[in-house]
Amino acid sequence: MNPNVLKAGLNALHYSGIGEAMAPMTRGLGVIFMMHHIRPATGAEFDPNGLLAITPDFLASAVGRVRQRGWDIVSMDEAVARLRAPEARTARPFAAFTIDDGYRDNLEHAYPVMKAADAPFTVYVSSALPDGGAELWWLSLQEIIARNDAIEMELDGVPQTIPCGTLAAKRAAWNQIYPILRHAPEDEQRTMTRALCARYGVSQKDICAEQAMSWDEVRTLARDPLVTIGGHTINHFAVSKLDPARASDEMDQGAARIAEETGARPKHFAYPYGDPGSAGPRDFDIAKSLGFESAVTTRKGMLADAHRDHLFALPRVALNGNLQSLHYLDVLLSGAPFYLFNGLRVFRPA
Ligand SMILES: [Zn+2]
């Protein structure tokens with residue numbers, strides 16, 4: 001969705017008071033927040049992945065606001081317990097904070113904030129990040145476009161020159177190339193990214209080393225009872241694009257690596273990308289058959305009673321880098337935007 005349209009919609013719900021008025025009907029039982037990077041603002045002008053980053057200050061104020069509004073902040077274990085059994089619920093709604101992929105800034109910047117607030121959170125780790133071989137292609141693409149004035153690449157078999165010498169051209173180049181890589185079959189996406197990285201001297205290994213936690217760092221988090229380490233595949237593939245055996249292997253072996261390194265096999269899982277094109281009913285069944293207790297998507301929504309029968313396709317709400325303001329958070333907590341988005345219902349089957 002266009003961020004300006006999204007902001008306009010959220011502002012309308014906020015300033016009209018309609019969001020607050022709808023909350024008793026639209027809020028549901030709770031919410032699972034999704035984050036990726038937590039770090040001070042970089043100030044970079046060309047920052048197409050910026051929506052994935054929030055500042056430690058915003059995280060701290062969000063945690064404070066959620067509690068101030070009477071919500072419980074809970075672990076994924078507790079969220080699942082409350083979904084499963086009405087008797088495990090309190091009168092208060094609950095929020096689970098989750099962070100995807102396994103970036104070092106989670107330890108450096110999110111952990112101190114959550115620790116100071118005594119707030120539980122979950123980090124879903126793709127095992128290739130701490131193993132050092134993750135291909136974080138969206139960061140590679142950003143770096144390639146940022147550093148160059150033009151990109152040569154084949155599009156639909158035709159060699160093209162995509163200019164990216166100015167900020168506007170860089171943004172246009174991103175809007176042209178990113179969807180192609182994002183929607184390509186997984187192996188092709190990685191092959192195309194490797195070719196671009198080779199041509200433009202970008203090292204995916206260096207990007208991974210700079211961005212990802214080491215296993216020692218993952219263990220530092222895992223040792224704290226406030227932190228849950230969840231699975232997120234090995235290679236951050238959209239599992240629905242893989243054949244069933246490979247999808248299952250990615251989900252299973254990513255968790256197995258975490259078990260080897262931390263001593264505990266993850267009970268909770270997040271589908272990489274998590275949209276309908278990246279994780280579907282077949283994958284929900286795989287997650288269940290592998291013994292996970294829950295799995296989260298990026299379908300947008302609050303948690304409803306009906307989700308107790310859909311624990312492997314739970315919706316989440318992004319804490320988006322473009323929406324770092326408490327009045328947006330208040331609107332999200334009302335559940336009203338998702339109620340409208342999901343066709344006038346809190347529960348929408350994934
Ligand atoms: Zn991810």
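The values are calculated or read from the model by the stated rules, or taken from the named source; none is laboratory data. Remember, it's a predicted structure, so these values are computed and weren't measured experimentally. No Cβ is skipped: glycine too gets one built from the backbone with ideal geometry, and neighbour counts run over all protein chains shown. In case anyone asks, the SASA skips ligands and DNA or RNA and just uses the protein heavy atoms, side chains included. Shrake-Rupley method; radii C 1.70, N 1.55, O 1.52, S 1.80 Å.
Tabulated values for the structure
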quantity: Pairwise label distance in nanometres, LYS288 with ILE18, each label 7 Å out on the Cα-Cβ vector; calculated: 3.7 nm
quantity: Highest-MSF residue in the chain out of GLN68, GLN142, GLN253 [GNM, Cα springs under 10 Å]; calculated: GLN68
quantity: In sequence order, calculated HN-Hα J values of region 279-292 (Karplus, 6.51, -1.76, 1.60; Hz; x Gly/Pro); calculated: 7, x, x, 4, 6, 5, 5, 4, 4, 5, 5, 7, x, 5
quantity: All Cα pairs of the chain, percent lying beyond 29 Å; calculated: 39 percent
quantity: Region 137-206 - convex hull of the alpha-carbon atoms, volume per residue in Å³; calculated: 78 Å³
quantity: FRET E, pair ALA81, ARG194, Förster distance 41 Å, beta-carbon r, rounded to 0.05; calculated: 0.40
quantity: Cut-off under 5 Å, modelled amide H: who pairs with ARG299 long-range; calculated: ARG316
quantity: Residue-normalised accessible area of the chain, given per residue in Å² at a 1.4 Å probe; calculated: 42 Å²
quantity: Net charge contributed by nearby residues that have their C-beta within less than 15 Å of ASP101 (K/R +1, D/E -1); calculated: -4
quantity: Subset of LYS7/LYS205; LYS170/LYS241; LYS205/LYS300; LYS7/LYS115; LYS241/LYS267; LYS115/LYS241 violating a 26 Å alpha-carbon distance limit; calculated: LYS7/LYS205; LYS170/LYS241; LYS205/LYS300; LYS7/LYS115; LYS115/LYS241
quantity: Distance from region 34-50 to region 170-205 (C-alpha centre basis), Å; calculated: 19 Å
quantity: Dipole of region 94-217 [Lys/Arg +1, Asp/Glu -1 at C-beta], most positive-end residue of ALA209, ALA184, PHE94; calculated: ALA184
quantity: Nonlocal amide H pairs with GLY230, under 5 Å, H built at 1.01 Å; calculated: VAL123, TYR124, VAL125
quantity: Table column - 3J(HN,Hα) (Hz), region 145-160, Karplus curve with 6.51, -1.76, 1.60, x for Gly and Pro; calculated: 5, 4, 8, 10, 9, 7, 10, 9, 7, 8, 10, 6, x, 10, x, 10
quantity: Local electrostatic count at TRP71 - Lys and Arg +1, Asp and Glu -1, tallied over other residues with Cβ under 11 Å; calculated: +4
quantity: Structure-based [θ]222 nm, the chain - -39500 (n - 2.57) summed over DSSP H runs of at least 4, per residue, nearest 500; calculated: -13500 deg cm²/dmol
quantity: Of all accessible heavy-atom area on the chain, the percent that carbon and sulfur account for (1.4 Å); calculated: 53 percent
quantity: Contact order relative to length of the chain, as percent, for alpha carbon pairs under 8 angstrom and 6 or more apart; calculated: 24 percent
quantity: Neighbour net charge for GLN204 - beta-carbon separation under 11 angstrom, K R +1, D E -1; calculated: -1
quantity: Phi-based couplings in Hz for region 78-95 (Karplus 6.51, -1.76, 1.60; Gly and Pro marked x); calculated: 5, 4, 5, 4, 6, 5, 5, 10, x, 5, 7, 7, 10, 6, 8, x, 10, 10
quantity: Most mobile of ALA304, ALA21, ALA336 in a GNM of the chain (Cα contacts under 10 Å); calculated: ALA21
quantity: More than 17 angstrom apart: percent of Cα pairs within region 41-160; calculated: 69 percent
quantity: Amide H contacts of ASP72 (H built 1.01 Å from N, under 5 Å, at least 5 apart or other chain); calculated: PHE94, ALA95
quantity: Relative contact order, percent, region 284-350 [alpha-carbon distance under 8 Å, six or more residues apart]; calculated: 34 percent
quantity: Taking region 137-206 and dividing mean pair separation by its residue count, relative contact order in percent (alpha carbons under 8 Å, at least six apart); calculated: 34 percent
quantity: Check: the chain dipole with +1 on Lys, Arg Cβ and -1 on Asp, Glu Cβ, in debye; calculated: 1080 debye
quantity: Distance from region 240-302 to region 311-350 (C-alpha centre basis), Å; calculated: 22 Å
